[in-house]
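Here the structure comes first, spelled out in structure tokens, and everything after it is commentary.
The values are calculated or read from the model by the stated rules, or taken from the named source; none is laboratory data. All figures in this text were calculated on a predicted structure; none of them were measured in a lab. Methodologically, a virtual Cβ is constructed for each residue, glycine included, from the backbone with ideal geometry; neighbour enumeration extends over all protein chains shown. These accessible areas exclude ligands, DNA and RNA; they are computed on the full protein's heavy atoms, side chains included. Shrake-Rupley method; radii C 1.70, N 1.55, O 1.52, S 1.80 Å.
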Amino acid sequence: MEKKRVVITGLGVVHSLGEDIQTFWNNIKEGKNGIKAITKFDTTEFSTKVGAQIENFDPLVCIDRKEAKRMDLFTQYAVVATEQAVKMSGLDFTTMDPFRAGVIIGSGIGGMETLEDNCRVLFDKGPKKVSPFFVPMMIGNIASGQVAIRYGVKGYNACVVTACASANHSIGDSMRIIQNGTADVMITGGSEASLTPLAYAGFCSMRATSTNEDPSTASRPFDKNRDGFVMGEGAGILILEEREHAIKRGANILAEIVGYGATCDAYHITAPDPEGTAGSMCLKMALDDAGITPDMIGYINAHGTSTPLNDPLESRSIAKVFGDKVPVSSTKSMTGHLLGAAGGIEAIISIMAIKDSFLPPTINLKEQDPECTLDYVPNEGRNKNIDYALSNALGFGGHNGVVVLKKHE
């Protein structure tokens, strides 16, 4: 049976660089930095003091006040971003068979703020004071659940948890569900709200995050002087739809998703495989799934974390498959690293790159690491007409996830 074609008809984003698609994309195009000094908590004793922190977020733009109080911040981000994406798509779920639509929203950590708050309550006031909403607010699948409840979507519903590859796997799995005929529409992407003291303490103890206190230069992927990643928060949500279903209702089709690869390094819990074998295979699998050759990819949105280990190893994996000519950029230089939500906003950036014929830059790339030998679109974006873009993601545990996006014709 021929695979059904899958298109994207809606996008939604919540991030420090914008809480709507156009603002977010304009800031990405201009190379603006969304990283700031952390003010959510006292960072005096933390080695990392910066992050892509969302300020003045108001969940009440689309969530009832009572409901918002029963949602962790990561769920609020997901719901607000989904509302944007649904509006852009023009879908009316009340006119659909509810079992033909589903939700997969990934999150690497889930309700970390809720976990921390209730741990304090337990230790300070005892078990009887822990909130009855603690568990349903904290669990990682609750964003998918809340979105389904909001729109009455009764089809496949799940949460992928593969660390920083969560959103890419969510998007790829959603594509497969539509391709095999199980659903006509999937709400997918990722959401994360892990700018909390405990999450920061954990990453600082691992020495994974940057100790550079200057927000303007802390995230510098592929630069010789990079010293770790910078955390971010927010959500990136996409509406995936079976192509004929979208055409029949006259939807505005933004792009097509045509390829997906997923592998595991099976090497180490946090470090990537120095041989990059599974990473390269993941890229090849995605290309094969799309039925295209490497030379057809016009842009790669790299995982590009700004860590000493990731950047040269990812570069070598890419070079094994594509050589050194394809433009590659890490938008984490501007957005920070959203962990489980990273692939959501990076898929959105890749789609907008195709639509606008514009390659976003890797900012803060002042002195390129000699081990990083690709074209990283340094410091300024570039006008270029592209038909295909690829988004790459890697996660602790050795998870690799790649999605290939195509200009819709």
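What the table shows:
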quantity	calculated
Within region 69-93, considering residues that are open to solvent by 20 Å² or more (accessible area, probe 1.4 Å) and in contact with a Leu (Cβ under 8 Å, 6 or more places away or on another chain), the one nearest to Gly34 (Cα to Cα)	Gln84
Any hit, region 48-68, residues being within 25 Å of Ser205 (Cβ to Cβ) and open to solvent by 90 Å² or more (accessible area, probe 1.4 Å)	no
Selected residue [touching a strand residue (DSSP E or B) at 6+ places or on another chain (Cβ under 6 Å), crowded, with 18+ Cβ neighbours inside 10 Å and among the aliphatic types (A, V, I, L, M)] from Ile171, Ile142	Ile171
Boolean, Lys154 is open to solvent by 50 Å² or more (accessible area, probe 1.4 Å) and without any contact (Cβ under 8 Å) to a residue 24 or more places away in the chain	no
Which listed residue is under 26 Å from Gly108 (Cα atoms) and either open to solvent by 10 Å² or more (accessible area, probe 1.4 Å) or not small (Gly, Ala, Ser) (or both), from Gly397, Gly381, Gly401	Gly397
Residue ID - farthest from Ser174 (Cα to Cα), chosen from residues in region 262-284 that are open to solvent by 50 Å² or more (accessible area, probe 1.4 Å) and within 20 Å of the chain's Cα centre (by Cα)	Thr270
Of all residues making up region 20-50, the number that are closer than 26 Å to Ser89 by Cα and in contact with a Phe, Trp or Tyr (Cβ under 7 Å, 6 or more places away or on another chain)	1
Yes/no for Ile178 being under 17 Å from Ala85 (Cβ atoms) and part of a helix (DSSP H, G or I)	yes
Candidate set: region 188-200, residues that are of a type outside the set (Gly, Ala, Ser) and more than 14 Å from the chain's Cα centre (by Cα); chosen: the one nearest to Ser107 (Cα to Cα)	Leu195
Test result for Ser191, part of a loop (DSSP other than H, G, I, E, B), under 21 Å from Tyr77 (Cβ atoms) and in contact with a Gly (Cβ under 9 Å, 6 or more places away or on another chain)	no
Count of residues meeting criterion [touching a strand residue (DSSP E or B) at 6+ places or on another chain (Cβ under 9 Å) and either in a loop (DSSP other than H, G, I, E, B) or among the polar types (S, T, N, Q) (or both)] in region 336-379	19
Region 325-335, residues that are open to solvent by 20 Å² or more (accessible area, probe 1.4 Å) and either part of a helix (DSSP H, G or I) or modelled with pLDDT of 95 or more (or both)	none
Only listed residue being under 16 Å from the mean Cα position of the chain (by Cα), more than 22 Å from Glu233 (Cβ to Cβ) and modelled with pLDDT of 95 or more, chosen from Ser170, Ser174, Ser144	Ser174
Residue that is nearest to Val14 (Cα to Cα), among those in region 181-199 that are hydroxyl-bearing (Ser, Thr, Tyr) and open to solvent by less than 10 Å² (accessible area, probe 1.4 Å)	Ser191
Given (1) buried (at least 24 other Cβ atoms within 10 Å of the Cβ); (2) within 28 Å of Ser357 (Cα to Cα); (3) not hydrophobic (A, V, I, L, M, F, W, C), index of the condition Arg226 fails	(2)
Yes/no for Glu371 being surrounded by fewer than 19 Cβ atoms within 10 Å (Cβ to Cβ) and touching a residue at least 40 places away in the same chain (Cβ under 8 Å)	yes
All positions within region 99-118 that are more than 14 Å from Gly234 (Cα to Cα) and open to solvent by 40 Å² or more (accessible area, probe 1.4 Å)	Phe99, Arg100, Leu115, Asp117
Selection count, region 56-82, where residues are out of contact with any strand residue (DSSP E or B) (no Cβ under 8 Å at 6 or more places or on another chain) and either of a type in the set (A, V, I, L, M, F, W, C) or more than 22 Å from Gly140 (Cβ to Cβ) (or both)	13
Sole residue being basic (Lys, Arg) and more than 19 Å from the chain's Cα centre (by Cα), chosen from Arg220, Arg249	Arg249
